[in-house]
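A short write-up of the structure that comes next.
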């Protein structure tokens with residue numbers, strides 16, 4: 001009974017009763033839930049998981065293997081939130097449940113290692129991340145990876161290691177934080193002053209996308225501010241059960257960005273943008289935890305809420321401030337994949353599509369089940385590779401049916417997963433970030449100063 005009370009105390013400190021009682025169990029979430037549509041078990045549906053979590057919080061159920069598996073099996077895609085008529089914040093519930101499991105170290109050893117070592121020690125420390133990335137670049141580009149594959153090294157040590165290797169992003173030769181200046185000005189009048197976050201994985205593995213994002217912002221008259229000494233925003237941690245570390249990183253990002261004068265914070269990563277939009281809820285409650293000498297006050301809370309209100313995805317920003325469609329042209333077949341944390345969490349659906357369709361020469365085909373999760377889901381495709389393939393297979397079948405030359409998306413995790421899918425299932429479609437697609441399509445190439453990443 002003592003253990004049961006301990007379970008209740010931990011989970012109740014993370015999830016309010018108000019969140020748990022919102023669900024009406026109407027079932028409208030069931031058709032939209034990828035995991036429920038795999039096994040058709042009630043426990044694998046959003047309402048089923050809410051019932052499990054509620055029973056644990058009330059002391060009616062002890063945490064068991066079914067509970068642990070369902071908390072992990074969930075993609076946290078939040079498609080159920082889009083479908084829910086009651087406005088249940090399912091993402092907040094499942095993420096709190098994961099944090100509860102993590103605090104009591106009940107997850108499988110592999111998942112625990114990914115969270116503790118991968119997320120907290122490497123990704124959560126930008127200096128360590130950059131050192132690790134340099135070793136990975138050497139491994140990927142100087143024959144070591146190919147040699148190990150030829151001798152069957154990954155088969156000897158187990159399938160999971162080979163899977164993780166195949167999913168790892170190609171590290172950039174030089175990182176964005178090492179090559180980009182602090183401030184860039186457009187060639188003409190400054191329309192807006194925007195901060196461009198570099199993040200963690202994006203900084204070391206997607207320097208080309210950051211360069212494309214910078215160029216697109218300059219093309220639209222933005223002064224672009226790239227704060228020095230940036231790190232992870234905390235998104236990966238918060239979505240994967242390491243909430244305390246996520247909140248600490250959120251506080252650090254907020255403190256750093258608050259030193260600058262800006263109109264907007266423009267994100268090119270769906271998960272990062274979604275989490276930074278939550279800073280108004282995340283930061284005020286953890287000021288004592290992260291900075292014991294400081295007491296929460298109204299001004300800090302208002303500051304965090306104002307910060308969150310200025311965060312925009314790049315597609316959202318261009319749609320709001322004006323997309324210069326007359327300067328863009330692309331002749332080819334294009335489709336678009338919705339990143340979960342863009343379409344379901346941030347509710348951004350029409351903006352990227354409208355922008356793509358405005359570009360002269362684009363032959364656009366709507367992707368069937370465009371908002372269905374691809375199976376990336378942060379570290380899900382590494383922690384649960386076989387399950388992630390079930391969602392990826394469905395996604396790749398839909399992409400192939402469009403016969404598009406390019407599939408555009410706004411999240412690096414999706415890009416890695418779907419690129420893996422094009423190789424695995426022989427789908428002849430290029431995977432391209434939204435900012436990269438726009439930068440390629442920009443017509444006045446001969447008259448521009450362009451930032452080029454070294455990759």
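Quick look at the numbers
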item: Boolean, residue 138 is closer than 23 Å to residue 387 by Cβ and part of a helix (DSSP H, G or I); result: no
item: Count - residues of the stretch 349-375 that are without any contact (Cβ under 8 Å) to a residue 60 or more places away in the chain and either part of a helix (DSSP H, G or I) or within 19 Å of residue 79 (Cα to Cα) (or both); result: 13
item: Residue that is farthest from the chain's Cα centre (by Cα) [pool: residues in the stretch 163-183 that are buried (at least 20 other Cβ atoms within 10 Å of the Cβ) and in a loop (DSSP other than H, G, I, E, B)]; result: 180
item: Exclusive hit being at pLDDT 90 or above, surrounded by 14 or more Cβ atoms within 10 Å (Cβ to Cβ) and in a helix (DSSP H, G or I), set 68, 19; result: 68
item: Flag for residue 381 being touching a helix residue (DSSP H, G or I) at 6+ places or on another chain (Cβ under 6 Å) and at pLDDT below 95; result: yes
item: Single residue of 107, 99 found to be within 26 Å of residue 281 (Cβ to Cβ), touching a residue at least 60 places away in the same chain (Cβ under 8 Å) and in a helix (DSSP H, G or I); result: 99
item: Residue, nearest to residue 257 (Cα to Cα), within the stretch 197-214, restricted to residues that are touching a strand residue (DSSP E or B) at 6+ places or on another chain (Cβ under 9 Å) and buried (at least 23 other Cβ atoms within 10 Å of the Cβ); result: 197
item: Subset of the stretch 306-321 [outside any helix (DSSP H, G or I) and over 12 Å from residue 351 (Cα atoms)]; result: 310, 311
item: Test result for residue 308, surrounded by 14 or more Cβ atoms within 10 Å (Cβ to Cβ), more than 16 Å from residue 409 (Cβ to Cβ) and modelled with pLDDT of 95 or more; result: yes
item: Tally of residues being free of Cβ contacts under 8 Å to residues at least 40 places away in the same chain and within 23 Å of residue 73 (Cα to Cα) across the stretch 117-143; result: 1
item: Search result, residues across the stretch 368-377 that are surrounded by fewer than 22 Cβ atoms within 10 Å (Cβ to Cβ) and in contact with a helix residue (DSSP H, G or I) (Cβ under 6 Å, 6 or more places away or on another chain); result: 368, 369, 371
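Here is a yes/no grid of residues against (1) in contact with a helix residue (DSSP H, G or I) (Cβ under 7 Å, 6 or more places away or on another chain); (2) under 25 Å from residue 379 (Cα atoms); (3) in contact (Cβ under 8 Å) with a residue 60 or more places away in the chain:
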{"residue": "20", "(1), (2), (3)": "yes, no, yes"}
{"residue": "23", "(1), (2), (3)": "yes, no, yes"}
{"residue": "31", "(1), (2), (3)": "no, yes, no"}
{"residue": "34", "(1), (2), (3)": "yes, yes, yes"}
{"residue": "47", "(1), (2), (3)": "no, yes, no"}
{"residue": "50", "(1), (2), (3)": "yes, yes, no"}
{"residue": "54", "(1), (2), (3)": "yes, no, no"}
{"residue": "61", "(1), (2), (3)": "yes, no, no"}
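Conditions tested, residue by residue: (1) modelled with pLDDT under 95; (2) surrounded by 15 or more Cβ atoms within 10 Å (Cβ to Cβ).
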site: 386; (1), (2): yes, no
site: 394; (1), (2): no, yes
site: 401; (1), (2): no, no
site: 405; (1), (2): no, yes
site: 415; (1), (2): no, yes
site: 418; (1), (2): no, yes
site: 429; (1), (2): no, yes
site: 452; (1), (2): yes, no
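The values are calculated or read from the model by the stated rules, or taken from the named source; none is laboratory data. Remember, predicted model here, so these are calculated numbers, not experimental data. We place every Cβ from the backbone using ideal geometry, glycine too, and count neighbours over all the protein chains shown.
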